[in-house]
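Single-structure report; data block below.
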Amino acid sequence: MSDTMRAVVIANYGGSLQATRRPIPRPGPGEVLVRVRASGLCSTDLHLLSGRQPLGDLPRIVGHELAGDVVELGDGVTQWRTGERVTAAIDVTCGHCRHCLGGATQLCRAMQRIGFERDGGHADYVAVPAANLVALPDEIAYEAAAILPDAVACMYHSLIHQGSVGLGQRILILGVGGLGIHGVQIARSAGAAVLATSRQPQRVALAERYGAVGVNTADAPLEAAVARFTNGEGVDVVVDNIGNRASVRQGLSVLRPGGKLLVVAYLDETFEVPSIPLFKTEQQIIGCRGSTRQDLIDVVRLVRTGQVTPVLGASYPLEQIGEAVARLESGDLVGRIWLTRA
Ligand SMILES: [Zn+2]
Ligand SMILES: [Zn+2]
């Protein structure tokens, strides 16, 4: 094989994602080389262009959701074989801090993330720690697998672990985008009833197709819809996939006393929380950060057994990253974009 590969990089902050050629990485000790067959495009890939999160030396290959085949094993890797189909957990964690030892690897302070502080999956090849790999059963196509590590596993972590969502609960999901539509399915499969909002009719319809009660907040007030949905009691859990001041205020206003607001998105730098209502209602505001490898394993099983269906929107060849980004920014797409390797 040649020693360079196709890759999508951030070459400088404030620019755009660029298709270029980079050296094929070598797997270090404990790592494997994965030939990437599909990678999920996330709006975070674009947010990284701002430089708000330092990525280390540029150019950086982005892409934190990938699926492919193991093609080479680094020294000391015994648990994988070449040819195995895999996806990978995003966080590369230290393995020995109190959070890692307790299983809360998403809180490791020494983590480096695939597609952030280390090179990612929008490329022909990526080197990742063997400890991050998750096996893919044959029933799950590469493109479906390529949206699991973030768009699906993050919602799973938020709802199941941070929100303790379960049978009979009433959940409000604010925003039916790439994450929200999977949140609808996970909450439904956990036995909860789901109200889901969007300002776009096709997204409301999609949420309803997956078992939610949809509300188009462009023409119906949320408060009235929640009152109908819960007999005036308020929802048990709000999942805020929007993350601005208005969404947090609105989420708290429709939450029942003792309910949980899950903060998944962070568009605005600060939120306002009315102090006396918070005191009187014992509402909980809970941060939700990413997912663990175990969450990804659980999600692979939910997809294999048909409890969750990855919602794919459109695909573009890796080289057409400009077109893919334009489509993502247009906001007219329901479902996730993935990049193919022709
Ligand atoms: Zn993402
Ligand atoms: Zn750690």
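Brief remarks follow.
- Farthest positive-ward along segment 62-145 dipole, Cα basis, beta-carbon charges - from Val71, Pro137, Ala110: Ala110
- Kyte-Doolittle at least -1.0, axis length at least 15 Å by Cα - qualifying DSSP helices, the chain: 293-304
- Eigen-decomposition of the gyration tensor built on the alpha-carbon atoms of segment 164-294 gives equivalent ellipsoid semi-axes of 20, 17, 16 angstrom, largest listed first.
- Choice from Ala135, Ala144, Ala88 with maximal GNM fluctuation in the chain (Cα, 10 Å cutoff): Ala135
- Kirkwood Rh, angstrom, the chain [1 / mean 1/r, Cα pairs]: 20.5
- Net charge dipole size for the chain [Lys, Arg +1 and Asp, Glu -1 on Cβ; Debye, nearest 20]: 340
- Surface composition of segment 148-192: carbon and sulfur atoms hold 48% of the protein heavy-atom accessible area at a 1.4 Å probe.
- Shape category assigned to segment 200-253 from the gyration tensor of Cα positions, a/c cut at 1.5: oblate
- Cα gyration tensor, segment 258-331 - rounded (a/c under 1.5), prolate or oblate: oblate
- Alpha carbon centroid spacing (whole Å) that separates segment 70-120 from segment 310-342: 26
- Distance-filtered residues of segment 199-215 - backbone nitrogen under 16 Å, label point 7 angstrom along Asp332 Cα→Cβ: 200-203
- By DSSP, the beta bridges lying fully in the chain are antiparallel in about 55 percent of cases.
- Over the chain, accessible surface divided per residue gives 43 Å², non-protein components excluded, 1.4 Å probe.
- Across His122, His96, the residue with the most accessible area heads the list, and the full order at a 1.4 Å probe is His96, His122.
- Long-range tail of P(r) for segment 146-221 (Cα pairs > 19 Å, %): 29
- Rounded if a/c under 1.5, otherwise prolate or oblate - segment 1-106, Cα gyration tensor axes: oblate
- Diffusion coefficient, µm² s⁻¹, Stokes-Einstein with Kirkwood Rh over alpha-carbon pairs of segment 52-205 at 37 °C and 0.692 mPa s: 189
- Relative contact order %, the chain, counting alpha carbon pairs below 8 Å whose residues are six or more apart: 18
- Rounded to the nearest 20, the size of the Cβ-charge dipole of segment 260-340 about its Cα centre is 480 debye, with Lys and Arg at +1 and Asp and Glu at -1.
The values are calculated or read from the model by the stated rules, or taken from the named source; none is laboratory data. Everything numeric here is computed off the predicted structure, so don't read it as measured data. Positions of Cβ are generated from backbone atoms using ideal geometry, with glycine treated the same way; all protein chains shown enter the neighbour counts. Note: accessible area is taken over every heavy atom of the protein model, side chains too, but ligands, DNA and RNA are not part of it. Shrake-Rupley method; radii C 1.70, N 1.55, O 1.52, S 1.80 Å.
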